[in-house]
Amino acid sequence: MDESNKSLDDLVRDELGEEPSQEAKDYARRLYERFRLPATSDAGGVNAPATE
């Protein structure tokens, strides 16, 4: 399966080699949210400014 199309749970299973505990899933989700790369727009690959 293409790595870019895998779910976060699938990636965790691949790393651990078995069904991960809920604690491992929660930890992976926190890491993902903290360190994911921002999505780029189609306008030259520049990120749109954040609005609050």
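Of the listed peptides 21-27, 31-37, 8-14, what is their order by residue-averaged count of other C-beta atoms within 10 Å, with the highest listed first? List each step's numbers first, then the result.
On the way: 21-27: 11.6, 31-37: 8.9, 8-14: 14.4.
Output ranking for 21-27, 31-37, 8-14: 8-14, 21-27, 31-37.
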Exercise. Amide H to amide H under 5 Å from Lys6: which residues, 5+ apart in sequence or cross-chain, H placed 1.01 Å off N in plane?
Worked result: none
Problem set entry | Charge context of Asp26, other residues only, Cβ under 12 angstrom, K/R +1, D/E -1 | 0
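Readers should treat all values here as calculations from the given coordinates under stated rules, not as data from a laboratory. Values in this document were obtained by computation on a predicted structure and should not be read as measured data. Here the Cβ is made from the backbone with ideal geometry for all residues, glycine too, and neighbour counts use every protein chain on show.
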